[in-house]
Amino acid sequence: MGKGVFIHQSDSIYDDSPAERYQFPRQYLGRVSACIGDWIVYYEPSKVRASKGYFAVANVADVVPDPTAKDMYLALIEPGSYLDFVNPVPFNGPLGLVERGVLNTDGKISGRAQSAVRPLSIEDFNRIIDLGTAEEGDFLPRVDSELDGVLREERIPLVYEIERDRVAYLGSRIVRDRLFRRRIVTAYDARCAITGLKLINGGGRAEVEAAHIRPVERGGPDIVNNGIALSGTVHWMFDRGLISLGDDLEILISRQANDADSIRALVNRSGFALPPAKISDRPHPGFLTWHRENCFKR
């Protein structure tokens with residue numbers, strides 16, 4: 001097993017769905033196969049306008065021949081493992097180059113940086129994960145004034161301990177829910193997509209919640225396209241199928257709702273869910289279709 005970087009862009013010619021599969025040609029079979037059972041980081045190249053850089057992490061479950069395309073293969077993503085970063089990580093940002101494994105012996109960026117699939121060291125993987133999931137202020141210098149000038153000896157964790165810590169972190173439902181919420185709230189500017197209200201409490205926390213369109217317990221991934229920002233009451237109705245959305249984001253109200261007029265009063269005047277600022281963050285039709293067919297009470 002080994003970690004890796006998979007290059008992906010939204011207008012890719014390949015049949016990719018980052019939370020489900022990654023299509024690639026035979027030439028990368030060895031490198032992708034080495035990642036089976038381990039974690040990979042998705043990267044959008046800097047040549048793409050408004051590149052997201054390193055933008056997500058996922059676990060590779062298996063590699064199989066693509067039944068629809070000759071000499072092509074599919075890396076199958078472990079269900080529930082995909083996670084969007086709350087902070088896109090640039091290839092070369094304020095803290096310098098994050099993927100240092102692409103440097104040659106002279107300390108310059110080598111041709112490896114152009115490979116669509118490439119191995120990733122544990123150190124580089126941890127660095128990208130830490131930056132991509134960091135809370136505000138996580139990387140400020142730590143000052144221990146009482147210990148200034150005192151030589152301190154600290155035990156250096158073994159490599160397998162470092163790796164285990166990050167994997168456990170990525171697998172925690174509590175952590176994933178927190179990161180998913182931050183990603184969704186940011187995408188929708190802390191505004192409920194149904195009511196249009198943006199309510200912030202005295203402590204600066206947004207009232208809005210992050211709703212999975214297809215629930216995690218029913219196979220829904222932690223990807224921004226499977227999420228929508230909703231106020232508490234609207235979230236409750238959405239989960240119970242009293243409201244849903246068309247592919248064009250038209251707000252649908254169930255005929256089984258016992259007070260449909262009150263629900264309509266909550267809906268913003270347009271009658272459509274307010275989309276996120278970025279088109280790439282918009283709810284995916286596939287997840288919306290799933291919600292209408294499996295949750296919505298017509």
Study note, to complete from the structure: Percent antiparallel among DSSP beta bridges confined to segment 3-132, nearest 5, equals 85 percent
Revision key, fill the gap. For segment 23-65 the mean separation of alpha carbon contacts under 8 Å (6+ apart) over residue count, i.e. relative contact order in percent, is 40 percent
Check your understanding: What does the charge dipole of segment 217-261 about its Cα centre add up to, to the nearest 20 debye, if the Cβ of each Lys and Arg holds +1 and the Cβ of each Asp and Glu holds -1?
Key -> 140 debye
Check your understanding: Which of the lysines could a cross-linker span from residue 198 if the Cα-Cα distance has to be under 22 Å and same-chain partners fewer than 8 positions apart are dropped?
Key -> 278
Review point. Where does helix 159-171 land angle-wise versus the long Cα axis of the chain, in degrees 0 to 90, nearest 10?
Key: 10 degrees
Check your understanding: To the nearest 20 debye, what is the magnitude of the charge dipole of segment 171-294 about its Cα centre, counting +1 on the Cβ of each Lys and Arg and -1 on the Cβ of each Asp and Glu?
Key -> 360 debye
Review point. Counting Lys and Arg as +1 and Asp and Glu as -1, each charge on the Cβ, what is the dipole of the chain about the Cα centre in debye, to the nearest 20?
Key: 720 debye
Exercise for review: Give me the angle, in degrees from 0 to 90, between the Cα long axis of helix 122-132 and the longest principal axis of the Cα atoms of the chain, rounded to the nearest 10.
Suggested key: 30 degrees
Review point. So between residue 240 and residue 71, what do we pick up on full extension, going 0.36 nm a residue minus the alpha carbon distance?
Key: 56.4 nm
Check your understanding: Among 77, 285, 134, which residue has its Cα positioned farthest towards the positive end of the charge dipole of the chain, with +1 placed on the Cβ of Lys and Arg, -1 on the Cβ of Asp and Glu, and the dipole taken about the Cα centre?
Key -> 285
Practice item. Per DSSP H run of n ≥ 4, the term is -39500 (n - 2.57); total these for the chain, divide by its residue number, and report the mean residue ellipticity at 222 nm rounded to 500 deg cm²/dmol. Key: -7000 deg cm²/dmol
Study note, to complete from the structure: Pseudo-spin-label distance residue 13 to residue 270, built 7 Å along Cα→Cβ, given in nm, is 3.6 nm
Practice item. Just grab the label-to-label distance for residue 168 and residue 100, each label 7 Å out from Cα along the Cβ direction, in nm (one decimal). Key: 2.5 nm
Exercise for review: Take the Cβ-Cβ distance between residue 297 and residue 262 as r, set R0 to 25 Å, and report the resulting FRET efficiency rounded to the nearest 0.05.
Suggested key: 0.95
Exercise for review: Please determine, in degrees from 0 to 90 and to the nearest 10, the orientation of helix 285-294 with respect to the longest principal axis defined by the Cα atoms of the chain, where the helix direction is its Cα long axis.
Suggested key: 50 degrees
Exercise for review: Obtain the nm distance between the two label points defined at residue 38 and residue 248 by a simple spin-label model: each point lies 7 Å from its Cα along the Cα-to-C-beta direction.
Suggested key: 4.8 nm
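Every number here is computed from the coordinates shown, using simple stated rules; none is lab data. Note that the coordinates shown come from a computational prediction; the quantities given were computed from them, not determined experimentally. Positions of Cβ are backbone-derived with ideal geometry, glycine not excepted, and every protein chain shown enters the neighbour counts.
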